[in-house]
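Nothing in this text is a laboratory measurement; each read-out follows from the coordinates by a stated rule. Since this is a predicted model, take the numbers as computed values, not measurements. Here Cβ is always computed from backbone atoms with ideal geometry, including for glycine, and neighbour counts include all displayed protein chains.
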Amino acid sequence: MHELSLTRDILRVALQHANGQTIRSIRLHVGTLTNIEISALRFCFDACAAGTLAEGATLHIDTIPARAQCLGCEQILSLPSFAALCPCEKKARLRILSGDELLIKEMETEPCA
Amino acid sequence: MCVTCGCGNTNNTTLSNQNGQSIPLHTHTHEHPHTHTHEHPHSHEHPHSHEHPHSHEHSHTHEHPHSHEHSHTHEHPHSHEHSHTHEHSHTHEHSHERTHEHTHSHEHPNENTDEHPPKASKAAVTEVLDLHLLEQRVLDKNDRIAERNRGFFAGRGVFALNLMSSPGAGKTCLLERTLREIGAPCAVIEGDQATSLDAEAIRATGTPAIQVNTGKGCHLEAEMIWAALPQLPLQDKTLLFIENVGNLVCPSLFDLGEHKRIVLMSVTEGENKPLKYPHIFRSADLVLLTKIDLLPYLDYDLPRALDAIHTIQPDAAILQVSARSGDGMAAWYDWLRQQKA
Ligand SMILES: Nc1nc2c(ncn2[C@@H]2O[C@H](COP(=O)(O)OP(=O)(O)O)[C@@H](O)[C@H]2O)c(=O)[nH]1
Ligand SMILES: [Mg+2]
Ligand SMILES: [Zn+2]
């Protein structure tokens, strides 16, 4: 359950930036190559946010599809699963273009009264 | 959990030092002073940018119009520099200063020049929320501490290896034999959820070892290594072996500051592990196929196993070893001796 430690990091960053304001939503970008279980992340988030200024906040998660470019034929592939090599006849390496991001993009807070 | 910073000090990680004494690890020293003075403690310390060779191309056009879940409709396109220019500076100038008042309300086209006047939007909408652009990598903190570990290793001339596998693949047995035979200064950090059995087994070889118990945690994090380092005698040219918690999923995301990653796969686990757990194999510099003394008793398809590794990580070296019979160990020692920080 590495999602638990990731959630703690997400909350730490968010609460630090919230500067005492109540957090209403947090938006993440999670690439499909990061091996993160979205449902586990949500579960951990709700559990860890309880009792903090992020309690009840909505977690928006944009999953970023994995794409890679073949260094041989230069075609761009979407990666449904892991592969290091292109299926083309050159069997060349693939360079990951997207799908490995794990970002806290933004959050919304209630303004100070 | 710490309500202010969200850190996990319920995380009951402990260290046992060389004498087996247990030391609670609240390394979470709350470096962030949480005076919240907007100046973003993180900014400068971020040397990581370059490690992201992948990034730049994905222009990341973000279909999320950012509207959906907000009950109030309208496609305020809100297209923020989400073009995401990715030199991966994703720089922390962000946040507070930018908290433009995203009135969440209707047709403010929001070219995102942050200071767009909070146009008295019609529609007596709801509420005004502050939007903070954060653009922070979730693993940023771990990666920064990993970088600090790397600096520490460089300063001491230590070469660090992160050993990962499923439980029981033979990490501890491999280390015990290696430490007896290699004839080079070594030190070990043992990660397990509980017990200091492995550290005791390592100490029995005469090598200094620190046990890190992660409690419920299923992987080691850079901070745990940082906390363990002062407990170990480390001299120039020490090989520091870090035995990660037995797990093929979680450890792969967490950089410990190691120089090389080694993934062990025993021949009793079947040939397909790399395909089933690609993430961890993708990051391996070396794959050790262990317990090869058992091959005569198994119908193990060796070429298929090698092919599976190659499919996921064509750049990994692969060595076949048995800590029991000693087969292949010489090649492993050679590989270790060739490594340079
Ligand atoms: N036959 C055989 N058994 C081994 C070998 N290496 C380890 N084992 C056995 O595998 C089990 C798990 O080994 P251990 O080193 O504790 O695995 P770890 O959990 O990865 O540290 C133990 O019962 C060992 O005796 C080997 O090379 N050959
Ligand atoms: Mg072990
Ligand atoms: Zn190709």
### Message
Let's see if you can work this out: charge +1 on each Lys and Arg Cβ, -1 on each Asp and Glu Cβ, no other charges. What is the dipole magnitude of chain A about its Cα centre, in debye to the nearest 20?
### Response
400
### Task
Let me know the mean shielding of A:82-91 by other chains, meaning the per-residue number of their Cβ atoms within 10 Å of its Cβ.
3
## Note on the structure
Relative contact order as a percentage, chain A, C-alpha pairs under 8 Å and 6+ apart, gives 36
### Query
Viscosity 1.002 mPa s, temperature 20 °C: Stokes-Einstein D of the stretch B:179-329 from its Kirkwood Cα radius, in µm² per second?
130
#### Entry: Centroid-to-centroid separation of the stretch A:23-42 and the stretch B:217-259 [C-alpha atoms, Å]
25
### Cut-off 11 Å between beta-carbons: net charge of the residues surrounding B:Glu190, Lys and Arg +1, Asp and Glu -1
-2
### Message
Give the average, rounded to an integer, of partner chain Cβ atoms located within 10 angstrom of each Cβ in A:13-25.
### Response
6
### Task
Find out how many positive minus negative residues lie around B:Glu243, taking Lys and Arg as positive, Asp and Glu as negative, among other residues whose Cβ is under 15 Å from that of B:Glu243.
-2
#### Entry: Pairwise label distance in nanometres, B:Asp301 with A:Arg93, each label 7 Å out on the Cα-Cβ vector
2.8
### Query
Exactly which GluC sites (Glu not before Pro) in the stretch A:57-113 are in a DSSP loop and have at most 14 other Cβ atoms within 10 Å?
A:Glu74, A:Glu89
### Query
What ranking of B:Tyr277, B:Tyr297 emerges when the number of other C-beta atoms within 10 Å of each C-beta is taken as an exposure proxy, fewest first?
B:Tyr297, B:Tyr277
### Query
Hey, if you put +1 on the Cβ of every Lys and Arg and -1 on every Asp and Glu Cβ in the stretch B:270-315, which of B:Phe281, B:Leu306, B:Leu294 ends up farthest toward the positive end of that dipole?
B:Phe281
### Task
Mind checking B:252-262 for the average number of partner chain beta-carbons within 10 Å of each residue's beta-carbon?
1
### Task
Please give the contour-minus-distance gain from A:Phe43 to A:Cys112: 0.36 nm per residue of separation, less the Cα-Cα distance, rounded to one decimal in nm.
22.0 nm
### Query
Pulled fully out, how much extra length does the chain show between B:Trp335 and B:Arg180, if you take 0.36 nm times their separation in residues and subtract their Cα-Cα distance?
54.2 nm
### Task
Rank the residues B:Asp327, B:Asp192 as a footprinting-exposure proxy: fewest other Cβ atoms within 10 Å of their Cβ go first.
B:Asp327, B:Asp192
### Task
Would you list which lysines come within 27 Å of B:Lys260, measuring only between C-alpha atoms, while excluding same-chain residues fewer than 8 positions from it?
A:Lys91, B:Lys141, B:Lys171, B:Lys216, B:Lys237, B:Lys273, B:Lys276, B:Lys291, B:Lys340
#### Entry: Estimated translational D of chain A in µm²/s (Stokes, Kirkwood radius over Cα pairs; 20 °C; 1.002 mPa s)
137
## Note on the structure
If B:Thr207, B:Thr311 are placed from fewest to most neighbouring beta carbons inside 10 Å, the sequence is B:Thr311, B:Thr207
### Summary
FRET efficiency (A:Glu55, B:Arg156; Cβ distance; R0 56 Å; to 0.05) is 0.80
